[in-house]
Amino acid sequence: MIEKIMVIGGYDKYGEKEPVEKVEIKKGEIFGVVGPTGSGKSSLIGDIEQLAQEDTFSKRKILVNDEEPTYEDRTNPRKKMVAQLSQNMNFLADMTVGDFLSLHAKCRGASEKCVDRVIELANTLTGEPIKKENDLTILSGGQSRALMVADVAIISDSPIVLIDEIENAGIRKHDALNVLAGHGKIVLVVTHDPVLALMTDKRIVMKHGGMQKIVETTPAEKKISKELNKIDELMLSLREKVRRGELVESIDLTDIIKT
């Protein structure tokens, strides 16, 4: 059982020691990874995915429950500790949603009874209904991401989830992160989106390939994130109306804009 991971700092792209010496992330916590383009966000995520042992460019070291992961932990696909989700993910398998989830459940040693739970959960994250008989290849981007989040939460036993820029993924982002954290996952999300960044517990600020500082999200920022999420929900609703060919004749902003 993984309770926490620790990222021990290495060096930035100029060979300078990272200002942040170590970061501890516990299960159920949501950490953001923020910084400008080229600041090293993807490099940090890559180090965590590989469970790096000072053998990457950054020379960072990842500890699991205060111990070094074994060679098998790092290389055996059946022991994969990390699941990664990105907004560019799409299914390629020519099979139905139900068949895919049943197969994945079987591979993970989970009960096939969880298939309906996954679909039910996925449908709370997207405005486009997902059905068991749908072919994977016809799912929209939002449906695919919603299904993967629900699949990772319920079927996958990977305790660490890395999310790479899902701001335009067409899903309820607040709910998606809460679902993963609520299932005891360690969640790291790379983002430029203030809705996501301000709902995390802490944010790792990247610059020049190094971890510069850790920012703890304040109660005021959490409140702002909830207000921004209302706008996000409105945009998701409007997107679905436009897709269905409906007219958008008015919108209610009374709960969003307060005078």
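The values are calculated or read from the model by the stated rules, or taken from the named source; none is laboratory data. Just so it is clear, the structure is predicted and the values come from calculations on it, not from any experiment. All Cβ positions, glycine included, derive from the backbone under ideal geometry; neighbour counts span all protein chains shown. Surface areas here come from the heavy atoms of the whole protein model, side chains and all, with no ligands, DNA or RNA. Shrake-Rupley method; radii C 1.70, N 1.55, O 1.52, S 1.80 Å.
The lysines whose alpha-carbon is closer than 18 Å to the alpha-carbon of Lys41, local same-chain residues fewer than 8 away aside, are Lys13, Lys17, Lys22, Lys59, Lys61, Lys202, Lys207, Lys213.
Distance between the pseudo-spin-label points of His192 and Glu67 (7 Å out from Cα toward the beta carbon): 4.2 nm.
Using a/c under 1.5 as the rounded threshold, could you call the range 2-69 rounded, prolate or oblate? The axes a ≥ b ≥ c are square roots of the C-alpha gyration tensor eigenvalues, and prolate needs a/b larger than b/c, oblate otherwise. Because a/c hits 1.5 or more and a/b fails to exceed b/c, the range 2-69 counts as oblate.
For the pair Asp55 and Met95 in one chain, pulling the backbone fully straight at 0.36 nm per residue adds 10.5 nm over the alpha carbon distance. Label sites at His208 and Leu103, each approximated as a point 7 angstrom past Cα along Cα to Cβ, lie 4.8 nm apart.
For the range 170-231, with all protein chains present and a 1.4 Å probe, just round the carbon and sulfur fraction of the accessible area to a whole percent. Roughly 57 percent of what the probe reaches on the range 170-231 is carbon or sulfur.
Once you reduce the range 138-206 and the range 1-37 to the center of their Cα atoms, the two points are 18 Å from each other.
What number comes out for accessible area per residue over the chain if the probe is 1.4 Å? Units Å², please. Walk me through the numbers on the way to the answer.
Working: 13440 Å² over 259 residues.
Heavy-atom SASA per residue in the chain reads 52 Å².
Within the same chain, lysines fewer than 8 places from Lys113 are excluded, and of the rest, those with a Cα less than 20 Å from its Cα are Lys131, Lys132. Using C-alpha pairs below 8 Å separated by at least 6 residues, the relative contact order for the range 130-259 is 18 percent. Can you pull out the GluC sites (Glu not before Pro) in the range 133-213 whose DSSP state is coil and whose Cβ has at most 14 other Cβ atoms within 10 Å? Loop-located and lightly packed - Glu133. The helix-based estimate of mean residue ellipticity at 222 nm for the chain, built from -39,500 (n - 2.57) per DSSP H run of four or more residues and divided by its residue count, is -10500 deg cm²/dmol to the nearest 500. Taking semi-axes √(5λ) of the Cα gyration tensor in Å as calculated from this structure, the corresponding entry among (i) 31, 25, 15; (ii) 36, 31, 17; (iii) 39, 20, 16 is (i). Computed from the C-beta positions of Leu236 and Lys132 and an R0 of 35 Å, the FRET efficiency is 0.90 to the nearest 0.05. For the chain, a crude dipole built from +1 on the beta carbon of Lys and Arg and -1 on the beta carbon of Asp and Glu, taken about the Cα centre, is about 240 debye to the nearest 20.
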